[in-house]
Structures are given as structure tokens and as C-alpha cells.
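Heads up: the structure comes next, in C-alpha cells.
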Amino acid sequence: MRTHYCGHLRATHVGDTVTLCGWVDRRRDHGGVIFVDLRDRTGIAQIVSDPERTPESYKLADSLRNEYVVKITGRVTQRPPESLNPKLATGEVEIYADQIEVLSAVRKQLPFQVSTAEQEPVREDLRLKYRYLDLRRERMSRNLQLRHELIKTFRRFLEDEAHFMEVETPVLTRSTPEGARDYLVPSRVNPGEFFALPQSPQLFKQILMVAGCDRYYQIARCFRDEDLRADRQPEFTQLDMEMSFMTQDEILSLNEEMVCQVFKTLKGIDLPRPFPRLTYAEAMGRYGSDKPDTRFGLELVDVSDVVQDMGFKVFADAVSKGGIVKILPIPGGNDAISNVRIKPGGDLFNEATTMGAKGLAFIRVGEDGEITTIGAIKDNLTDEKKTEILQRTNAKPGHLLLFGAGDTDTVNKTLDRLRQVVGKELGLIDPDRINLLWVVDFPMFEWNAEEKRLEPLHHPFTAPHPEDLDDLKTARAQAYDLVYNGFEVAGGSLRIYQPDVQQQVFELIGIGPDEAREKFGFLLEAFEYGTPPHGGIAYGIDRWAMLLSGEESIRDAMAFPKTQQARCLMTNAPSPVDDKQLKELSIASTHKPKS
């Protein structure tokens, strides 16, 4: 039907007769000559209809309206010098339309403007309801194209350079309710039994290693029934990888090579290698986060040992109960941040309490290098402790020192959040800078206070460090996360491949032998038939696409996302089903609709 895409036309096509198909982006009447910007997913071409040169098309061109779908045939000509448009890739040429055919007209008023030239901010709920129109817009079309190029680059590297094999794993599998909630699918032919949609292909890809598929990958759809945030969705896409006979260093090196190829191909950027590495302990100590944004400083400083025996009860109590006291030093903070913002009711105080802090203590360093803030902290600081705090934080005149005191988790969350807010406010973050790093040596387990038990920090198939096998409770995991400007964009680990070690881990998290056989018997049995050492990693495709396209929400990097209430506004899903369907599945709903 067409010979060329709109965005592919160049000066080399001058003199050619072409047929284009697309949407009318806009129509302009300039003194009797009609100009039409024709749009497809590759770009825009300018169409000209002149009553003298192209009389056959002129009447139809005059009737065109935005978003009409048309087919246009005409000759490519060079634009006059005064009409060149350097902002368009096709800005050197235009097409004189000999024939115009309307393939489809717009029969309803557009809910928002799609035209590249007339776009205005549109409410997200409206964009999601009319997603097919939103995806026509330049921004979203560009994002989808970038996502396509990202996946293509991953595939090309893994297949052509790293000798990986793509294998599809089941979407209907068994429920293993560890971590997030499963999406369950009732089985009609097995009444009372359910499949689960996979949270990841974890168990199948490990079995593929047992099967000898030593380099596996898959662009996998995954599902998690969890509360949503700007960068989370109930269904998402990940690049899933698993490798046999490779050390952790070899796995990280191969992945760095792949990531560098992504940035070179998509952004024209050469990233330095190797990527920096931080242990989990270092990341939490210096930044309060296991996914630190290292594009700027503002590193945290632990002063628990300095303040534990001072007279300020808040600090002393925090340390005596096993917690910590940390400082976020802010150069120039005296001038930039007022007391009102730090005290109750202020925005920084509110940020701290949202993270679980009970308050926000602070001191200021005056121009003479002395602590100027009055109150209990200053009153209980001896000269010796004052000097130690100033030296340890490298505080200079004009510094503001924000304190976090309490349990370790709350202090880290609070100061990490304040660090991000202040770093952005003070312009310390270069938006064009790209910082990638590995965080390694995570703890194997964390304590679930509600359920009073250990649970895996990543998942129960993560291998412990060999030197930590004597005490798995405190062992470090051979796990690694890739962090990109403060976002975790990939995570993986070496896996347990010895059945006895796997059983020890199960027992520590409260899964006894009978339950382990019931839930994971197929995996444990496979391990009895010769299992290679193996490890893997998974990349969040949606999050990568969001970051590479410069978007703030993951929904703008996906074609058909859900809302934060896990709904599709376009199809109005999820929706009720009739009683006949439920009866066939041997299930009933206990939900009572609101009257």
C-alpha cells in the first residue's frame, strides 16, 4: 500500500514518486496552497497540495482534519531555502500530492490533541483511557521505539556475542507464596486447584541449568500482586538470564559488557569499565540505601560512638537499644535551609516522619567554625565531642548537620530520603550524568518482626559465601544488584546447587523437609542428578526504558500499563464475570458489591 515511511524521506529521494500512509498531524492553508503534515511512527513528512500544480488532490486536501488516516501519492521535491526545517529529519523535502485517499475519517471529537505541534499536558487517567491516541503522540511513540531498541540490543548481544539461547518457560505454573502475592488462575479441568502466574522464571531457569542449557535468556512476562508505585506494575517484563560454570566476577564482567553496548547503541555513550562495586555494608553505611545515587556526595556519617555517653537522652537511648546515630552533612545548608523547614510542620521534618523518624535534630556550623544552634544537643556536647563531630563530618563554616537517631533501618531510610531531597533542591545532581555500580555481599537473611522469623533478603535459592557456611544465619549472600542513578535496574546471584545447603536454608526460614518436598520437590530431585554451579540475573525492562527515555513514571515506558489501583482504564479490567463462568471453575465469589 505504501512505498516509504514518512520519516525516512531525504534529499536523496528528490524526483521519486512515493506513496505514504499515516495520520494527518495538522493541516495549514497558506494563501490557497494547503500544507499537510503527515505522521507515522517514523516521523513527519510535509505534503503540499497546490490548486495549479496538483488540482486533482486539492479539494480532498481541503477536507482533511487532524487524525484522518490517509494514503498520499506524489513526487518528492526539494524545499525552497526559506522553507527548510532543520528541526525535522525530513525538513529538506516535501511531497506534492497527486493523489489523496481518505482511508478512515475521525467521527468523534478528540478527547485531547494528538498533533505534535499542538500538544498540551493531559491528565494521566485520560491518557490511559484513550491509550491508542496517547501512543500516537510523539513522546509515547518515541518511548516505545526506544524500548524496542533496548530489547533488540539485549537480544543481539546475548545471541550474537555471548552465545546465549532463548528458552520460553511456563506462564501457568504452581504457587510458591514466598515474597509477593501470586496471581492465581483456577483450573477448570482440575476442580479446586489453581495455577499461579510466575513472579519470575526462577525455578525453571535453574532446572534449565541442570538440563545442560548453560546460557539461557528470556524476555519474560512476570506478575506480582503487590501495592503499586511509580516504578512498579502488577505485570512487568524482565530480561531473565542464567549461566552455568561462571564465577561471580565473570557474570558481572559479561553483564557490564552488555550494558555498555546498550548505552553505546541507544545513547552513543561510552561507559568506563569496570563498574564500581560497593558492599551492602558500605552502601548502607555511606548512603543509607542499597541502591545509592552516587552522582553527588552528601554521604552519611555514623557518630554513634561519639554521642552514646553524652547527656542528650534521644541519642544515648538510640545507641543503648542497639540503634545508631548518623549525620547528614550539608555544605551551604545554613543559607539554603531555614529552621522552619526542619522543625515540626516543616517540609523536611515531614519527610523525616514519613520515613518513620520521630523527629529531626540538627546543628549549624557558624562562620567562625563554632556550633551556633542552641538547645539540648549543643548543651551536652563537650569541646572534645564537638571537635570529633566536626572533624568526622568534615564540617566547615556554613554547614548544616541533620541527625538521625533510632533503629538502624529507620535512620537509614530517613537520611537517605533527606539526602535525595536536599541533593535535588541544591542542584547537586547532574541529570546528564550516568553512574552505574554494583552492590554486592548482601546479607542472606533479614528478620521479619511481624512473623518473628528469618526470611531471605533476595530469595531462598541464593548461595551463601563459601567462607560463611558455618553460620548461615549471619552469612553474606553471593548476590549482586546493578544500580543506575539510584534505581535498582538488575539483580541476581549465584545459586545454591547442593541439596543439603538448600535444605539448610529452607529450615532457617521455617520450611521443613515435608513442606520443601511439597513445594520444591521437583527442584530438589533435579539437583540429585548432577547440577552445575550456576548463577543468574534479571533486568527490569520497564524500569530501564523509563530511565533511558527520561520519564519519571514506569507507565510512560509501557504500551498498556495499569493504574496504581491495578486497573486498565482502556478495557475496564479487571471486571466481574458471570455465575456460569464461576460455576465451571468450581469457585464462588464472597465479595459483596457496594450498594
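The values are calculated or read from the model by the stated rules, or taken from the named source; none is laboratory data. As the structure is a computational prediction, the values presented were derived from the model and not from experiment. Positions of Cβ are backbone-derived with ideal geometry, glycine not excepted, and every protein chain shown enters the neighbour counts.
Numbers at a glance
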item: Number of the condition not met by residue 190 [criteria: (1) surrounded by fewer than 17 Cβ atoms within 10 Å (Cβ to Cβ); (2) under 28 Å from residue 446 (Cβ atoms)]; result: (2)
item: Of all residues in segment 431-445 being assigned to a strand (DSSP E or B) and aliphatic (A, V, I, L, M), the one that is farthest from residue 551 (Cα to Cα); result: 440
item: Scan of segment 483-512 for residues that are part of a helix (DSSP H, G or I), β-branched (Val, Ile, Thr) and farther than 23 Å from residue 452 by Cβ, ordered by number; result: 501
item: Segment 553-589, residues that are surrounded by 11 or more Cβ atoms within 10 Å (Cβ to Cβ) and modelled with pLDDT under 90; result: 564
item: Every pair of residues 6+ apart whose Cβ atoms lie under 6 Å, when the first sits in segment 549-575 and is on the phi > 0 side of the Ramachandran plot while the second is not hydrophobic (A, V, I, L, M, F, W, C); result: 566/234
item: Set 126, 133, 144: member being at pLDDT 95 or above, closer than 30 Å to residue 216 by Cβ and outside any loop (DSSP other than H, G, I, E, B); result: 144
item: Only one of 263, 194, 275 that is farther than 27 Å from residue 529 by Cα and touching a helix residue (DSSP H, G or I) at 6+ places or on another chain (Cβ under 6 Å); result: 275
item: Residue 314 over 27 Å from residue 458 (Cα atoms), in the same structural domain as residue 403 (by TED's automatic domain parsing) and surrounded by 17 or more Cβ atoms within 10 Å (Cβ to Cβ); result: no
item: Looking only at segment 27-85, and only at residues there that are among the acidic types (Asp, Glu) and assigned to a strand (DSSP E or B), the one that is farthest from residue 144 (Cα to Cα); result: 29
item: Residue identified as in contact with a Leu (Cβ under 8 Å, 6 or more places away or on another chain), among the aliphatic types (A, V, I, L, M) and buried (at least 20 other Cβ atoms within 10 Å of the Cβ) among 324, 342; result: 342
item: Check on residue 107, assigned by TED's automatic domain parsing to the domain that holds residue 538 and basic (Lys, Arg); result: no
item: Lone qualifier among 334, 412 - being farther than 24 Å from residue 292 by Cα and not charged (D, E, K, R); result: 334
item: Contacts under 6 angstrom Cβ, first residue in segment 187-207 being in contact (Cβ under 8 Å) with a residue 60 or more places away in the chain and of a type in the set (A, V, I, L, M, F, W, C), partner in a strand (DSSP E or B) and surrounded by 14 or more Cβ atoms within 10 Å (Cβ to Cβ), 6 or more apart; result: none
item: Sole residue being of a type in the set (Gly, Ala, Ser) and either at positive phi or within 22 Å of the chain's Cα centre (by Cα) (or both), chosen from 490, 463; result: 490
item: Sole residue being in contact with a strand residue (DSSP E or B) (Cβ under 8 Å, 6 or more places away or on another chain), among the polar types (S, T, N, Q), in a helix (DSSP H, G or I) and more than 14 Å from residue 303 (Cβ to Cβ), chosen from 373, 410; result: 410
item: Residue ID - nearest to the chain's Cα centre (by Cα), chosen from residues in segment 522-552 that are loosely packed, with under 13 Cβ neighbours inside 10 Å and of a type in the set (Gly, Ala, Ser); result: 550
item: Some residue of segment 498-520 being closer than 27 Å to residue 254 by Cα, without any contact (Cβ under 8 Å) to a residue 40 or more places away in the chain and not β-branched (Val, Ile, Thr); result: yes
item: Hits in segment 175-195 - residues which are under 27 Å from the mean Cα position of the chain (by Cα) and not in a strand (DSSP E or B); result: 175, 176, 177, 178, 179, 180, 182, 183
item: Qualifying position, being in contact (Cβ under 8 Å) with a residue 60 or more places away in the chain, farther than 24 Å from residue 427 by Cβ and surrounded by 15 or more Cβ atoms within 10 Å (Cβ to Cβ), among 348, 381, 390; result: 381
item: Restricting segment 467-494 to residues that are without any contact (Cβ under 8 Å) to a residue 40 or more places away in the chain and buried (at least 22 other Cβ atoms within 10 Å of the Cβ), the residue that is farthest from residue 438 (Cα to Cα); result: 477
